[in-house]
1. Could you look through segment 163-218, keep only residues that are in a strand (DSSP E or B) and of a type in the set (D, E, K, R), and pick out the one that is nearest to ligand 2 (Cβ to nearest atom)?
2. Those residues that are more than 18 Å from I275 (Cα to Cα), within 15 Å of ligand 1 (Cβ to nearest atom) and among the basic types (K, R), I need them from segment 82-102; list them, please.
3. All but one of (1) more than 16 Å from ligand 5 (Cβ to nearest atom); (2) over 24 Å from L258 (Cβ atoms); (3) touching a helix residue (DSSP H, G or I) at 6+ places or on another chain (Cβ under 8 Å) hold for G145, so report the exception by its number.
4. Mind listing whichever residues of segment 228-253 are polar (S, T, N, Q) and either more than 16 Å from ligand 5 (Cβ to nearest atom) or closer than 15 Å to Y177 by Cα (or both)?
5. Of the residues in segment 186-230, how many are touching a helix residue (DSSP H, G or I) at 6+ places or on another chain (Cβ under 6 Å) and more than 20 Å from F63 (Cβ to Cβ)?
6. Might you let me know whether segment 143-150 holds any residue that is assigned to a strand (DSSP E or B) and within 11 Å of ligand 1 (Cβ to nearest atom)?
7. Going by what's in this entry, would D76 be described as modelled with pLDDT of 95 or more and not hydrophobic (A, V, I, L, M, F, W, C)?
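The values are calculated or read from the model by the stated rules, or taken from the named source; none is laboratory data. On a predicted model such as this, the values are computed, not experimentally measured, just so you know. In this analysis, Cβ positions are derived from the backbone assuming ideal geometry, glycine residues included, and neighbour counts consider all displayed protein chains.
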Amino acid sequence: MMSRATDRLKVVLSHLERPTARIAAISTSAQIASHYDHHALRYTLDSDVLSPEQKLSYEENGFILIKNLVSEEDIDKFRVEFERICRREVLAPGLLVMRDVAIVKSEFVQDQKAVSKVQDFQEDPELFRYCCLPQILRYVEAFTGPNIMAMHTMLINKPPDAGKKTSRHPMHQDLHYFPFRPADRIVCAWTAMERVNRTNGCLVVLPGTHRGTLREHDYPEWEGGVNKMYHGIRDYDPQLPRVHLEMEKGDTVFFHPLLVHGSGMNQTQGFRKAISCHYASSDCYYIDVKGTTQENLEKEVQGIAARKYGLDDSFTFKDSWAMRGRLVQGERTSL
Ligand SMILES: CCCCCCCCCC(=O)SCCNC(=O)CCNC(=O)[C@H](O)C(C)(C)COP(=O)(O)OP(=O)(O)OC[C@H]1O[C@@H](n2cnc3c(N)ncnc32)[C@H](O)[C@@H]1OP(=O)(O)O
Ligand SMILES: Nc1ncnc2c1ncn2[C@@H]1O[C@H](COP(=O)(O)OP(=O)(O)OP(=O)(O)O)[C@@H](O)[C@H]1O
Ligand SMILES: O=C(O)CCC(=O)C(=O)O
Ligand SMILES: [Fe+2]
Ligand SMILES: [Mg+2]
């Protein structure tokens with residue numbers, strides 16, 4: 001496996017590094033362009049941070065896992081800040097605190113108020129430090145280029161399953177939530193805040209699916225209920241080969257926004273924690289999702305904005321992202 005990948009990469013790199021000898025044999029510019037298209041690395045940019053093997057692995061699989069990228073000390077500080085948020089000692093503007101549907105809809109455990117996720121912590125300086133960590137941005141730049149926006153931030157606190165399997169996150173593509181493109185200049189960094197495995201509901205990915213297109217998403221028909229906004233790909237085929245990403249505290253996976261992924265049920269009594277940020281090149285542009293598969297999501301976001309903040313339809317899906325995005329490196333050019 002390794003040697004086949006390495007052989008292919010050697011071919012790709014030899015073409016990229018010494019193109020002139022080959023170009024001499026090619027007569028038209030169209031032929032040259034197709035030659036380069038065929039061999040160019042599409043999903044990664046020219047950079048030294050990724051080894052040739054890592055580049056090829058991302059090109060083929062749509063994710064790479066870097067061991068031990070975030071220190072224990074930083075993770076412990078993020079955990080302390082999260083606990084302060086749960087105790088309502090801090091509330092940053094824009095912060096969205098979400099509880100698991102099984103807990104929200106239960107008559108019995110209302111006061112327990114287990115937080116399953118906090119989202120949009122761009123105004124919480126301590127948590128937002130995660131998005132600015134230089135060792136993360138070094139990798140991000142290999143996918144986005146030098147102008148980097150932190151578009152979406154989350155700390156996921158997957159609760160012990162209450163018996164209805166609501167702690168699962170259905171298989172989905174993150175691009176479904178994003179009205180900006182191109183997809184290849186967007187990447188998610190997801191860091192385990194403790195050991196994650198199949199028992200506490202680690203990430204599950206379908207390698208190579210980033211090479212496909214954006215699929216239709218809907219709420220899966222799950223008996224025990226599904227969390228709000230947890231859309232899943234329609235017609236999920238459970239036979240496709242899955243990879244369970246078991247990770248240690250501080251390990252970080254970088255993945256493409258078209259990669260199909262989700263997470264299983266948390267069968268332990270602990271709250272499985274991870275912190276993540278979706279980055280995009282600030283050179284990306286917004287698209288209008290009307291008439292696309294993303295229209296259902298846009299309607300839902302506008303519905304929540306109306307109910308929660310009294311905003312009308314003049315507040316667009318695009319506005320919600322332009323408002324959340326924060327520059328973390330380079331220049332804010334477009335987004
Ligand atoms: C906005 C774009 C998001 C971008 C995501 C980027 C890509 C990553 C992919 C994903 O992460 S997918 C999952 C994304 N998840 C979210 O965006 C979470 C969104 N969560 C929320 O918007 C709020 O937590 C929610 C509106 C569900 C509840 O917030 P509130 O503070 O308004 O709760 P409240 O207690 O007032 O409850 C309002 C209603 O929501 C219901 N509710 C609360 N939590 C729920 C839950 N977890 N699931 C289902 N319903 C829920 C609650 O029962 C109640 O229903 P009723 O009006 O019928 O009484
Ligand atoms: N109908 C569906 N639509 C979308 N995603 C689904 C559907 N059914 C299951 N999934 C998702 O598939 C992934 C695998 O879930 P599943 O619970 O089957 O296995 P697991 O928890 O990963 O492993 P184990 O087999 O040990 O339970 C999870 O992300 C789950 O949410
Ligand atoms: O941490 C998880 O369970 C997965 C979260 C996820 O994929 C998401 O919120 O987009
Ligand atoms: Fe996701
Ligand atoms: Mg499971």
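1. At the first step, the residues of segment 163-218 found to be in a strand (DSSP E or B) are 169-172, 180-181, 186-192, 196, 203-205, 217-218.
Filter again for of a type in the set (D, E, K, R), leaving 181, 218.
On the way: R181: 24, D218: 9 Å.
Taking the candidates together, the pick is D218.
2. Correct list: R88 only.
3. (2)
4. T252
5. Residues in segment 186-230 being touching a helix residue (DSSP H, G or I) at 6+ places or on another chain (Cβ under 6 Å) and more than 20 Å from F63 (Cβ to Cβ): 2 in total.
6. Looking for residues that are assigned to a strand (DSSP E or B) and within 11 Å of ligand 1 (Cβ to nearest atom), one finds none in segment 143-150, hence no.
7. Yes; evaluated as a whole, the condition is true for this residue.
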